[in-house]
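K.L.:
Can you read through this structure? Questions will come right after.
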Amino acid sequence: MLSKTQLAHIIVLFEQNYGELKPFLNYNNAFQLLIAVILSAQCTDKRVNIITEELFKLYKKPSDLADIPLELFEQQIKTCGMYHTKAKNIIKTSEILKNQFNNDVPSDFNILVNLPGIGRKSANVILGTYFGQNRFPVDTHVFRVANRIGLANSSNVENTETDLKNLIQPGLWMKIHRWLINHGRIYCTARNPKCSKCFINMYCQYYHSVL
Ligand code: SF4
């Protein structure tokens with residue numbers, strides 16, 4: 001694991017290169033963010049944003065989606081993959097939000113993770129992005145990049161989240177979450193990471209171990 005001093009250097013470099021990154025998914029309210037998050041499983045954020053541009057003109061709150069025919073909604077989201085499961089989960093979740101939560105999205109982690117289609121990472125994205133809570137969502141990019149750099153040392157996402165939270169101050173969690181995703185897309189790709197061009201390679205444990 002990296003020291004706090006090494007972390008401080010990395011934070012400065014991320015700040016210089018990426019600055020304040022906006023959320024990657026487009027939305028107008030918590031419910032639309034929840035839909036976008038469910039759609040983003042195994043799908044690029046870019047594709048999700050294309051789909052939701054039209055979708056969000058039709059669906060703004062849970063009651064708009066709770067009673068629509070499954071087949072209709074499947075057609076509207078089918079270009080994002082796994083659309084049958086996602087459509088079922090989104091409609092079921094909309095029904096629950098409409099009937100049990102006053103047609104709104106609760107800001108409670110334990111409630112969110114029990115909704116169809118919402119796991120730990122998705123709940124953390126919603127709470128950190130929309131509700132401004134200090135959360136550290138760990139997706140495939142964050143998991144890979146954090147463990148390569150040495151910000152975490154774990155073979156599973158839950159312990160990676162714990163490592164990151166222990167190392168980094170809470171106010172920076174969402175910011176660094178976005179930096180790590182961005183870094184994973186640009187430099188620290190799953191295959192053939194661009195280590196020689198990476199601006200934090202001098203602090204990266206993977207880089208030094210490969211060298
Ligand atoms: S040096 Fe390589 S492994 Fe380390 S963060 Fe950069 S791209 Fe990823």
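Read the figures in this text as sums done on the coordinates, not as results from a lab. None of these values were measured; they are calculated from a predicted model. Neighbour counts are summed over all protein chains in view; Cβ atoms, including those assigned to glycine, are modelled from backbone coordinates with ideal geometry.
K.L.:
Among residues belonging to segment 159-186 that are more than 16 Å from the ligand (Cβ to nearest atom) and within 14 Å of the chain's Cα centre (by Cα), point out the one that is farthest from Tyr130 (Cα to Cα).
P.N.:
Glu161
K.L.:
Then there's this: Considering only residues that are outside any loop (DSSP other than H, G, I, E, B), touching a residue at least 60 places away in the same chain (Cβ under 8 Å) and among the β-branched types (Val, Ile, Thr), which ones fall in segment 108-142?
P.N.:
Val125, Ile126, Thr129 - these are the residues of segment 108-142 that are outside any loop (DSSP other than H, G, I, E, B), touching a residue at least 60 places away in the same chain (Cβ under 8 Å) and among the β-branched types (Val, Ile, Thr).
K.L.:
Still on this structure, I have one more. Out of the helices (runs of 4 or more DSSP H) lying entirely within segment 19-81, which hold 1 or more residues that are in contact (Cβ under 8 Å) with a residue 40 or more places away in the chain?
P.N.:
Result: 30-39, 62-65.
K.L.:
Also: Please state which of the following conditions Val210 fails to meet, knowing it meets all the rest: (1) surrounded by fewer than 22 Cβ atoms within 10 Å (Cβ to Cβ); (2) within 9 Å of the ligand (Cβ to nearest atom); (3) in contact (Cβ under 8 Å) with a residue 40 or more places away in the chain.
P.N.:
Checking Val210 against (1) surrounded by fewer than 22 Cβ atoms within 10 Å (Cβ to Cβ); (2) within 9 Å of the ligand (Cβ to nearest atom); (3) in contact (Cβ under 8 Å) with a residue 40 or more places away in the chain, the one that fails is (3).
K.L.:
Among the listed residues Cys80, Cys43, which satisfies the condition of being surrounded by 14 or more Cβ atoms within 10 Å (Cβ to Cβ), under 30 Å from Tyr206 (Cα atoms) and not basic (Lys, Arg)?
P.N.:
It is Cys43.
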